[in-house]
1. Give a residue-ordered list of calculated ³J(HN,Hα) values for segment 30-35 (Karplus: 6.51 cos²θ - 1.76 cosθ + 1.60, θ = phi - 60°; whole Hz; x for Gly, Pro).
2. Working from Cα positions, state the angle (0 to 90°, nearest 10) between the long axis of helix 125-140 and the longest principal axis of the chain.
3. With the calculation restricted to Cα positions, what are the radius of gyration and Dmax of segment 205-293 in angstrom?
4. What shape does segment 70-190 have by the C-alpha gyration tensor, where a ≥ b ≥ c are the square roots of the eigenvalues, rounded means a/c under 1.5, and otherwise prolate means a/b greater than b/c and oblate the rest?
5. Leaving out same-chain residues fewer than 8 places away, which lysines sit with a Cα under 20 Å from that of Lys115?
6. Between Lys196 and Thr330, what FRET efficiency comes out of the Förster formula 1/(1 + (r/R0)^6) with R0 = 41 Å and r the beta carbon distance, rounded to 0.05?
7. Using a Gaussian network model of the chain with C-alpha springs under 10 Å, which one of Glu178, Glu203, Glu92 is most mobile by mean-square fluctuation?
8. Check which residues have an amide H placed less than 5 Å from Phe83's amide H, if you skip close sequence neighbours.
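The values are calculated or read from the model by the stated rules, or taken from the named source; none is laboratory data. Note that this is a predicted model, so its numbers are computed, not measured. No Cβ is skipped: glycine too gets one built from the backbone with ideal geometry, and neighbour counts run over all protein chains shown. These area figures cover heavy atoms from the full protein model, side chains too; ligands, DNA and RNA do not enter into them. Shrake-Rupley method; radii C 1.70, N 1.55, O 1.52, S 1.80 Å.
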Amino acid sequence: MINDKKVLYSGMQATGNLTLGNYLGALKNWLDLKDEYECFWGVMDLHSLTVRQEPAEFRKKARNLLILYIAAGLDPKENCIYFQSHVSAHAELSWLLSCFTYMGELNRMTQFKEKSAKHSDNINAGLFTYPVLMAADILLYQADYVPVGKDQKQHLEITRDIAERFNSIYGDVFTIPEPYIGKGGAKIMSLQDPLKKMSKSDENVNGSIYLMDDADTVVRKCKRAVTDSDGEIRYAEEKPGISNLLEIYSSCSNISIADAEKEFAGKGYGDFKLAVAEAVNAVLAPMQKEYERLQKEKDFIDGIIKENDEKAAYIANKTLRKARKKLGLTEKPR
Ligand code: TYM
């Protein structure tokens, strides 16, 4: 608990262009929960290094991600929005926790298997220990809840296992976090291959709607979305394309899938796709406008970064000191 509130922790990698999947699976839930909890939102730039980055572009992308969090409606005065790499406790706790994590556990991680298949020329140790750093992120802030999309559930499970293992030896050092997976939008699929997750690293740009796509691009991508030939707008396993569009429509318009089905009963796919695009654009437009405005507010953003880095470091270092002490590492003379 911080300020009598439960703690919520989450973040995104500062890589690639954020997609509608990132928004509906994560950011939208963060916005819903932000007032109820003491929240920490990280720009996960250390995790991004598991894949090669072009330094100048990477620096820009990480800063832009922080700006996007604010443009979407997260409040850097009420909650903490900061860079993971600015708080050295993340890397330090990650090392300590790696000594409590088994190779076999990490070997089972689906994301590791997928990423190593995709980047077979660069299967680095960071890619393998990625979940340990993620566990450190979460445990440093004694988080009660971690709102993520479905694809991160396994990483939450290993975080809990590591924390429980550590606590069983040293007492209650870490809060055991619960994943928070939203009802709608937890797994948005590619518009071009609705059996595959919408992903910022997809080579086919038509499969993903990016948060910075302009209105015409969104319309074009929705029109091109792969569907089926049965002509009925209903949610069903055998209709992954239409089901995905229904999921997007209902999440963007804040209505249930059942109500969306009713709204489009008897209508054609063409009209439906246009309505989906409109619903998406209604979400993206205000965010993009605010993002453009904030880009010009350099001093304000710099101030936010400084203030929030300190806020994050204060909490993180408290937990790190506790873990170090329990482990028997020599204390630094004051
Ligand atoms: P990342 O950057 O891949 O994704 C950020 C968030 O977006 C969600 N997401 C999706 N949700 C629904 N449909 C999709 N198609 C979709 N694609 C992505 C992800 O589930 C995630 O919630 N490892 C994390 C970053 C991270 C983190 C943390 C998260 C590092 N440390 C500590 C929480 C707590 C990641 O790669 O997310």
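1. 4, 5, 5, 9, 4, 7
2. So the inclination is approximately 80 degrees.
3. 13.1, 45
4. Values: a/c = 1.43, a/b = 1.05, b/c = 1.35.
Rounded is the answer for segment 70-190, as its axis ratio a/c remains below 1.5.
5. Hits, sequence-local ones excluded: Lys150, Lys153, Lys187, Lys196, Lys197, Lys200.
6. Working: r = 50 Å, r/R0 = 1.22.
Efficiency, rounded to the nearest 0.05: 0.25.
7. Its mean-square fluctuation being the largest, the pick is Glu203.
8. When sequence neighbours closer than 5 places are left aside, the close amide H contacts are Val43.
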